[in-house]
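For reference, the structure is listed below as structure tokens.
The values are calculated or read from the model by the stated rules, or taken from the named source; none is laboratory data. As the structure is a computational prediction, the values presented were derived from the model and not from experiment. Here Cβ is always computed from backbone atoms with ideal geometry, including for glycine, and neighbour counts include all displayed protein chains.
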Amino acid sequence: MEDGAQIQAAMAELQRSATEFPIKVEGTHTLPYTSHLQHLDLEAGELHLKLIRPLPHEMTAGAPFEMTFAVGEQRLVAPMTFLGRKSYLLYRFTIPERMLQCDRRKDKRYPFRPRENAYVLAQDSAIPGHGLAGPLFNLSLGGLAFRVDRILRLDDHLGIQPTVGFFERGKELPILKIRDLPKLPLFEARGIIANAWERGGEIIVGVQFGSLREAELQQIQAVIDLRELIQRTPRTGQGSTLGTMGADTGGRSQASEPLSRRVNPAGVETPDALTRLGRRCTPLFLAMTPGAPREEVVASLAAAGYQRIQLEDSLSSALSHLRQGPDCLNPLLIWDQGSPVEGGLESLVAHQQELRDDRELPVALIQQEGELPAFEDPLLRPMAWPSSDPRQWLPVLDDLAGL
């Protein structure tokens, strides 16, 4: 397609929709750069693309690039030439002179059966926002498809009946998580809805990954390499490689079962998959002296689903780490006041005042014996000792974690 008017119209639509799309050096297999079209200069024949990460400093003008994007029902690839850097993360490229249709399925897709328990949770960018949940249907280097079992409105947790019309092509998914992939308990990324279709009464949604860092790309590649190995291994019955991986423990194809008999991977163990995932992803700092009581608390937290626990031997150590800026957003602190430190509470309040509007630090105060005083500050909450009965303490912790 070399019609200049059509090309300009396609570029104008990309600018209007602010849709993210990948670009890469032509003819290479390097990690693509996620970008969006910030400005279209028809007189100069230039595109100004804003990138998520910078191009190499040694990139010279004249380097050939290609952009891959969707317009309407078409998926297109277009060559362009790098012209130079305009400002931080903003680069100049020539307007493409031609566009070519490309195969949406250039990345091989690997199917997953529901009983493999790989589960997808996502949040869209709408207001008030919706949580999406369902089992993984297939996976590739470029994205995934999943069966939508539930849609929840995040402000009031109202359930919405899944329909194809709900999933608008190009809608962003700023939170996209896959749990329990083979040898990968949790994978986190961003996504864009590519398509949605109905199959046998089920809604299947295709999602394109946003920009993946090198480490994330390697994680997905490792899962796909393992999948490829399984597919190439000849099946010999119940003792096959598939059987040992738990993909087909009964020696028969799960796909042949009626849809109504398939098992929801959330199961009885995780009745609210979105809450369970929230617990798993919440970073906790536990300020408590080492010993058996601390081990008991860690075991109770882990059993409830809180997995990202950083142990600190004292409150001062935890606050020192938090002041330096932890490697995570929105941490939650649990402090055992059973062995009070002089000025401990004052230090904690002073730290929260330092943060002001930049970031909140919710704190759960615990001690094994005696009662804790209540505080007017909603970010300072007394909590029962985390024990084997989560009903006594888990609601407070979930509330502090924003779940």
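Brief remarks on what is shown
- Within the stretch 127-165, being surrounded by 13 or more Cβ atoms within 10 Å (Cβ to Cβ), in a loop (DSSP other than H, G, I, E, B) and of a type outside the set (S, T, N, Q) holds for G129, L141, G142, V148, D149, L154, P162.
- Considering the stretch 99-120, the residues that are among the acidic types (D, E) and assigned to a loop (DSSP other than H, G, I, E, B) include one that is modelled with the lowest pLDDT, namely D103.
- Any hit, the stretch 196-213, residues being loosely packed, with under 14 Cβ neighbours inside 10 Å, touching a residue at least 24 places away in the same chain (Cβ under 8 Å), part of a strand (DSSP E or B) and not assigned by TED's automatic domain parsing to the domain that holds E20: yes
- Residue match in the stretch 75-82 (condition: under 24 Å from Q219 (Cβ atoms) and either surrounded by 15 or more Cβ atoms within 10 Å (Cβ to Cβ) or without any contact (Cβ under 8 Å) to a residue 40 or more places away in the chain (or both)): no
- Selected residue (only one of D180, D107 is acidic (D, E) and under 27 Å from H36 (Cβ atoms)): D107
- Every listed requirement among (1) within 28 Å of L132 (Cβ to Cβ); (2) assigned by TED's automatic domain parsing to the domain that holds D336; (3) modelled with pLDDT under 75; (4) not polar (S, T, N, Q) is met by G305 save one, (3).
- Test: residue in the stretch 1-16 that is in contact (Cβ under 8 Å) with a residue 40 or more places away in the chain, within 29 Å of A196 (Cβ to Cβ) and part of a loop (DSSP other than H, G, I, E, B): yes
- Qualifying residue in the stretch 366-382 (condition: small (G, A, S), within 19 Å of L311 (Cα to Cα) and modelled with pLDDT of 65 or more): no
- Number of the exception - L176 against (1) more than 16 Å from the chain's Cα centre (by Cα); (2) touching a residue at least 40 places away in the same chain (Cβ under 8 Å): (1)
- Scanning the stretch 133-165 for residues that are within 20 Å of the chain's Cα centre (by Cα) and closer than 30 Å to F69 by Cβ yields a count of 18.
- Scope the stretch 126-182; condition over 30 Å from E228 (Cα atoms) and acidic (D, E); matching residues: D155, D156, E168
- The numbered conditions (1) surrounded by 13 or more Cβ atoms within 10 Å (Cβ to Cβ); (2) farther than 19 Å from D389 by Cβ; (3) at pLDDT below 60; (4) under 25 Å from the mean Cα position of the chain (by Cα) are all true for L329 except (1).
- Condition met for G159 (among the small types (G, A, S), touching a Lys or Arg at 6+ places or on another chain (Cβ under 7 Å) and modelled with pLDDT under 85): yes
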